[in-house]
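Okay, so here's the structure we're looking at.
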Amino acid sequence: MSSSGHIVLTSHSRPGSNHFSPIHWGAEDARVRGPIIASVSTPSHRNVIGTHSGSYSVYRAISVAAGHLDPSHVPDLTNTSPVAEIGPHKQWFDAKKIVSFDPWGHLVVDEFQDHLKEGFDIRPTIAITQARLKLMEMKEAIAQGRLEPDGGVLLENGDVNVTKIAIDPVWHIPGLAERFGVDEHAFRRAIFEQMGGMYPELVTRSDLEVFLPPIGGITAYVFGNPDNLSNPKVKLACRVHDECNGSDVFGSDICTCRPYLTHGIEICIEMAQQGGNGLVVYNRKEGRALGEVTKFLVYNARKRQKGGDSAAKYFERTECVAGVQDARFQELMPDIFHWLGVTRIDRFASMSDMKHDSIVSQGIQIKERIDIPDELIPEDAHVEMEAKKAAGYFTSKTPKSEENLDSVVGRKIKE
Ligand SMILES: [Zn+2]
């Protein structure tokens with residue numbers, strides 16, 4: 001509700017919205033491109049659909065409803081500026097290369113000073129900070145002789161120095177529709193209808209081309225000097241990882257997610273120690289973007305099926321429950337490489353062909369693919385691993401034949 005008490009509908013443009021600044025996606029000058037204005041306190045300024053903070057926008061609304069947050073609060077951005085310089089790179093000036101977030105998202109305080117002074121509520125959609133990681137696996141890697149501390153990237157006690165980057169989703173709808181090869185109108189309509197009629201502007205305001213969807217974003221961890229990421233003379237190791245809370249955080253052993261993540265970090269540390277860079281891109285796409293509830297339902301269906309959990313039936317069970325084997329759509333994933341100015345990945349720690357092919361289709365070269373060492377795969381995760389290899393995922397080893405796949409079985413449900 002607005003302060004005057006009546007509900008302001010967003011579905012049609014209002015007369016007198018003369019502060020509307022159009023967005024020219026892909027423009028070379030930030031001020032020509034125009035700021036992303038998702039302010040809900042001044043509806044006449046808005047030039048996008050949706051609001052800030054991805055999935056957390058719902059919690060912001062609850063805070064307002066509960067009386068904890070003043071809806072007119074404007075963030076004080078003093079001292080929040082990035083700790084590393086990223087861009088602008090020439091990839092930013094091609095409207096089709098970055099379509100799923102705002103390449104200028106970390107630079108709003110510098111680039112849109114005038115707008116901010118005039119009272120426009122413009123917020124960063126990207127933040128860049130420093131961190132130190134404490135991971136058990138890095139201590140183990142040192143103890144087992146795979147990694148050696150250098151006092152800079154990797155410290156004697158196993159701590160790792162990194163730069164980390166958080167990115168909220170900002171979708172350029174025409175670019176997204178094109179990336180998926182669908183008509184823009186059909187694309188807008190499907191999102192509107194399949195989300196139960198949320199965001200009517202998707203279908204009523206074709207003049208608004210930018211949508212801030214209520215979904216999770218990306219976190220990127222950079223090892224080594226982030227200024228070198230766009231330098232083609234400096235080598236880059238990379239892991240693109242899709243969220244798996246069960247394994248990544250809790251160490252659940254039914255999949256290889258955390259071992260793959262920490263192995264990727266090892267490869268990144270090695271490369272940074274050799275004067276290169278490491279990059280881990282962490283996408284919030286839990287359970288192949290089907291969500292954790294679906295994922296756990298699939299686990300039960302796998303373990304309870306006739307003959308028990310087997311590599312031969314791995315993908316089939318997911319499709320039975322979810323309707324698709326995978327909903328991650330790696331089509332948007334390469335955007336971050338364009339944003340960082342990356343044109344070549346020297347070592348890519350992943351067995352996914354979808355990720356590989358998507359990156360290569362965007363004109364980014366991958367020199368070497370690295371699979372996970374066998375000793376890092378948990379016992380119960382061999383079902384997933386063998387199913388993926390047999391389905392054509394990258395491996396440096398020979399995948400099992402159809403008959404031999406049946407022999408790869410997991411633990412029973414109550415074991
Ligand atoms: Zn997992």
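General remarks:
- Under 25 Å from the Cα of Lys313 - lysines, other chains or at least 8 residues apart: Lys285, Lys295, Lys303, Lys355, Lys388, Lys389, Lys397, Lys400, Lys412, Lys414
- Label-point separation, Ser206 to Phe315 (7 Å along Cα→Cβ), nm: 3.8 nm
- Spatially close lysines, pair count over segment 59-165: Cα under 23 Å, gap of eight or more or interchain: 4
- Rounded FRET efficiency, nearest 0.05, which uses the C-beta distance separating Asp70 from Leu133 and R0 of 45 Å: 0.80
- Restricting segment 272-352 to trypsin sites (Lys or Arg not before Pro) that sit in a DSSP loop and have at most 11 other Cβ atoms within 10 Å of their own Cβ leaves Lys306.
- Within straight-line reach of Lys367, meaning a Cα separation under 16 Å, sit the following aspartates and glutamates at least 8 residues removed in sequence or on another chain: Asp346, Asp353, Asp357.
- The alpha-carbon atoms of segment 313-372 define a convex hull whose volume equals 92 cubic angstrom per residue.
- At q = 0.14, 0.16, 0.21 Å⁻¹ the log10 of I(q)/I(0) for segment 107-222 amounts to -0.80, -0.87, -1.14, computed by Debye summation with a single uniform scatterer per C-alpha, solvent ignored.
- Computed FRET value (nearest 0.05) for His24 with Ala391, which takes r as the C-beta separation and R₀ as 41 Å: 0.45
- Taking N as its residue count, the alpha carbon Rg of segment 166-254 over 2.2 N^0.38 Å: 1.50
- Placing dummy labels 7 Å off each Cα toward the beta-carbon, the span from Lys367 to Val32 is 3.6 nm.
- Rounded to whole Hz, the Karplus (6.51, -1.76, 1.60) HN-Hα couplings of segment 38-51, x for glycine and proline: 10, 4, 9, 7, 10, x, 5, 7, 4, 10, 9, 9, x, 9
- Its convex hull of Cα atoms gives the chain a direction-averaged projected area, equal to a quarter of the hull surface, of 22.5 nm².
- Note on Glu184 and Ala301: the extension gain reaches 38.4 nm, defined as 0.36 nm multiplied by sequence separation minus the Cα-Cα distance.
- Each eigenvalue of the Cα gyration tensor of segment 146-195, multiplied by 5 and square-rooted, gives one semi-axis; in descending order these are 46, 11, 10 Å.
- Antiparallel bridge percentage (DSSP; both residues within the chain; nearest 5): 60 percent
- Relative contact order %, segment 118-260, counting alpha carbon pairs below 8 Å whose residues are six or more apart: 21 percent
- Folded to 0 to 90 degrees: helix 257-273 orientation relative to the chain principal axis, Cα: 80 degrees
- The fraction of accessible area contributed by carbon and sulfur in segment 208-279 is 49 percent, rounded to a whole number (1.4 Å probe; ligands and nucleic acids excluded).
- With contributions of -39500 (n - 2.57) from each DSSP H run of at least four residues, the per-residue ellipticity at 222 nm computed over the chain stands at -8000 deg cm²/dmol.
- Close amide H contacts of Trp171 (hydrogens built in the peptide plane, cut-off under 5 Å, sequence separation of 5 or more or a different chain): Phe211, Leu212.
- Projected over every direction and averaged, the convex hull enclosing the alpha-carbon atoms of segment 302-414 yields 8.4 nm².
- Accessible surface of segment 51-96 [probe 1.4 Å, protein heavy atoms]: carbon and sulfur percent: 56 percent
The values are calculated or read from the model by the stated rules, or taken from the named source; none is laboratory data. Just so you know, these numbers come straight off a predicted model, no measurement behind them. So basically every Cβ, Gly included, is an ideal-geometry build from the backbone, and we count neighbours across all protein chains shown. Heavy atoms of the whole protein, side chains included, go into the accessibility calculation; ligands, DNA and RNA do not. Shrake-Rupley method; radii C 1.70, N 1.55, O 1.52, S 1.80 Å.
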